[in-house]
Every structure is written in structure tokens, then in C-alpha cells.
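Q: Structure provided below as C-alpha cells; questions to follow.
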Amino acid sequence: MALVSLINIVKSFGEGGKVLRVLDGITLDIGEEFIAILGPSGCGKSTLLRIIAGVEKADSGEIKTVGNLVYGFVFQSPTLLPWLTVVDNVALPLIAKGVDKKVAREKALKYLSLVGLNGFEDFYPQELSGGMRQRVNIARALVVEPTILLMDEPFSQLDPLTAEALRAEILDIWLSGVTTVKSIVMVTHNVEEAVLMADRIVILTPRPAKITKIIEVKLPRPRDRRSKSFQDVVDQVYEYVS
Ligand SMILES: Nc1ncnc2c1ncn2[C@@H]1O[C@H](COP(=O)(O)OP(=O)(O)OP(=O)(O)O)[C@@H](O)[C@H]1O
Ligand SMILES: [Mg+2]
């Protein structure tokens, strides 16, 4: 069953003679699943994620949701505040919602511990490694106890080993059901990453983005990058990415 249905979403930026059509009729159901969105740079992936989260409005089309969904967002560019400690950064979305300070701090500590950052709560972001900072970003997305976790190229800035460890942890956290997250929508440029993680891979055309193909990945988890069946899916995806 779909938690979110996007129906014919259209989005342009600019006005007058400078209109840039970005999304050209995106129709997609998001169920309790892991969706990877794959597409060329500048095609509109981040815009689509922001429209799903409700922080950007589509020009036309419809978004239907089951009840009042909560969204957690891991942004493409760094957004931790350097003058706040790790725990205060993570608690911030709750404080902004008016949650009591003590409760917000306790929740922040809980999710920091879930992403393996016990003991780092009083550090400042610039005192952490890139991988640890991305863990803080993930904790901050989880602290609002989202139904849907939206991640915009969450591993692209990390070295390969750190990225691979974090991918496995995210899958573990999601599959073990220890959080409220039912669906994950992740934007990526990385075909292998999409095949490793997703149930379905949504492939977009260059701007203005349309869905050119949706590929279901039926491989059992944990997936083995070196297996023939994994490579077969990778090859299948490459047929559709331009
Ligand atoms: N707020 C905005 N105002 C004007 N144009 C915008 C705005 N946001 C995005 N765009 C334009 O929309 C297009 C799509 O941007 P978007 O960030 O969604 O692409 P993307 O697929 O996420 O790219 P990348 O892979 O490089 O992150 C770009 O051409 C960009 O210039
Ligand atoms: Mg982007």
C-alpha cells in the first residue's frame, strides 16, 4: 500500500523568458520500501525530494498521503550549525517544534547512540570526521521520528570504506525496525549503491525529469556486490542511465 502517491508532479523555476522546467510529470507510489532515485546531475532529484517533504511546492499535480506523515531529511549539503554541539544540533528540529528542552535532549541522545556516536554529544561538528558528521545528520533526521526518511546523496562525500559501513548501518537500522521509519527515499548518482540498498530504482531522464524506468531489485539482503546476480542488475540499470 502506498504511503505517498505522487501524481503527475510538474515543477519549473524562474519566470518570463527564463523559465526552467525541472520536473515533467512525475507519477510514483511510495510504499513501505527503499526507493533509490537515480538521475543525471541537475535533472531535478533534490527538487523532487523537497516536494515530497512538502518544503517546496509543485506547480501542478497532486500528492496524496496516508494520514499525517512525518518526514526526516538528510540534506545534500552540510547543514550542521558549527556553534551548536552535536546533541544540540540533533535536538534542534524538536526544539523548533516546541518540544521541551529536556525531552528533546533525551531523544537526541537516543538517536546519537543509535548511529554509534555515544560519548560525542558535547563535541562540535568541526571536531568530528566527515563520516561522524554524516552520522549526526542522520540522527537529526531520525529524531523527529519520521515515517519516511529522505536522503539526498548521503554517502557521496565520504571515503569508500566509511560510505560502505554507513550504508550497511542504515540498512540494519531500517530492516531491524528499531525506528519509526517505514520508507526510505534516497537520491544517488551511484548505480552500485542503488542496487546494494534499494527495493526499487527510479531512473530519471535529464532535465526536465521524467521517469524513464523503474527497476525492481529482488536480490535477498545482505547483497553481495561480487555476485553474478548483483552485476546483472547493475548492467540492467546502466542500460537506462544516460
Ligand atoms: N530554488 C531554485 N531556484 C531556481 N532554480 C532552481 C532552484 N532549485 C533548483 N533549481 C534548478 O533546478 C534544476 C534542478 O536542480 P536540483 O537541485 O533538483 O538537481 P539535482 O538533480 O539534485 O542535481 P545534483 O545531482 O547536481 O544534485 C537545476 O537546474 C537548478 O538550477
Ligand atoms: Mg541534488
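Q: Just to be sure I understand, how many residues within segment 30-54 are more than 14 Å from ligand 2 (Cβ to nearest atom) and either over 15 Å from SER5 (Cβ atoms) or aliphatic (A, V, I, L, M) (or both)?
A: Counting residues in segment 30-54 that are more than 14 Å from ligand 2 (Cβ to nearest atom) and either over 15 Å from SER5 (Cβ atoms) or aliphatic (A, V, I, L, M) (or both) gives 3.
Q: Further question: Among SER60, SER46, SER41, which is surrounded by fewer than 17 Cβ atoms within 10 Å (Cβ to Cβ), under 19 Å from the mean Cα position of the chain (by Cα) and not assigned by TED's automatic domain parsing to the domain that holds PHE155?
A: Going through SER60, SER46, SER41 in turn, just one is surrounded by fewer than 17 Cβ atoms within 10 Å (Cβ to Cβ), under 19 Å from the mean Cα position of the chain (by Cα) and not assigned by TED's automatic domain parsing to the domain that holds PHE155: SER41.
Q: Could you figure out which of (1) in contact with an Asp or Glu (Cβ under 8 Å, 6 or more places away or on another chain); (2) assigned by TED's automatic domain parsing to the domain that holds LEU109; (3) not acidic (Asp, Glu) isn't true of LEU158?
A: Single failed check for LEU158: (1).
Q: Return yes or no: is GLY67 without any contact (Cβ under 8 Å) to a residue 60 or more places away in the chain, more than 18 Å from the chain's Cα centre (by Cα) and away from ligand 2 (no atom under 16 Å from the Cβ)?
A: Taking the combined requirement at face value, the residue satisfies it.
Q: Please go through segment 83-119 and pick out each residue that is surrounded by 17 or more Cβ atoms within 10 Å (Cβ to Cβ) and among the aromatic types (Phe, Trp, Tyr).
A: TYR111
Q: Give segment 157-216 a look and list any residue that's assigned to a strand (DSSP E or B) and of a type in the set (Gly, Ala, Ser), or say none.
A: Passing the criteria: SER183, ALA209.
The values are calculated or read from the model by the stated rules, or taken from the named source; none is laboratory data. Nothing here was measured: the structure is a model prediction, and the numbers come from that model. Methodologically, a virtual Cβ is constructed for each residue, glycine included, from the backbone with ideal geometry; neighbour enumeration extends over all protein chains shown.
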